[in-house]
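A.B. asks: I'd like to ask you about the structure that follows.
The values are calculated or read from the model by the stated rules, or taken from the named source; none is laboratory data. Remember, it's a predicted structure, so these values are computed and weren't measured experimentally. Positions of Cβ are backbone-derived with ideal geometry, glycine not excepted, and every protein chain shown enters the neighbour counts.
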Amino acid sequence: MHGLLHVLPKGQREGVVAFARLGPADLIGLGLLWLIVAAMVGPVFARPLARLERVVRWSAGLTFALYLGHLPIAQFLTAVSPWSLDSVANRVLVIGGTLVCIVLLGLVTERRKSAWRRFFTTILSRTRPALSPSTDCETPGAENRSRLVPRALAKES
């Protein structure tokens, strides 16, 4: 924790150090306080949050693409950026470009799950036989009921 303190402004470092020194009882107390405050102000925010429900649900549909793609996309954009790492333009490119790419990736993958499922089901059904028992298979003998054998092979034995 202390190794990361150098990235924070000096005024915020003391608060992080103080928070890191809290014990389990202190953290439980803060958690209970947070629950009490949330219960008190929850009804106040219910209506404004209800207006954001569609946006939140739409954004939640991008979480898998965000989880998988954010780091490689950000690294790629950082590598191809013409600006220095500390410049504002580089940060706008990396953060904004990553978000745009994640939304586009999510629109192609998450938003079209049923189409992808049909595509792969069709491809897989053409490349391998069904795994369920069918009329052209028999089980040879009681000692080996779990193995399916084609009828032609069962007659030979």
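A.B. asks: When only residues in region 4-51 that are exposed (fewer than 11 other Cβ atoms within 10 Å of the Cβ) and not in a helix (DSSP H, G or I) count, which is modelled with the lowest pLDDT?
C.D. replies: The extreme case among them is PRO9.
A.B. asks: Given the criteria of a type in the set (S, T, N, Q), in the same structural domain as LYS113 (by TED's automatic domain parsing) and farther than 19 Å from VAL108 by Cβ, does THR63 qualify? Walk me through how you get there before you give the answer.
C.D. replies: On the way: of a type in the set (S, T, N, Q): yes; in the same structural domain as LYS113 (by TED's automatic domain parsing): yes; farther than 19 Å from VAL108 by Cβ: no.
No: the conditions fail for THR63.
A.B. asks: Quick one: is ILE102 part of a helix (DSSP H, G or I), without any contact (Cβ under 8 Å) to a residue 24 or more places away in the chain and not assigned by TED's automatic domain parsing to the domain that holds ALA38?
C.D. replies: Judged against the criteria, ILE102 is not a match.
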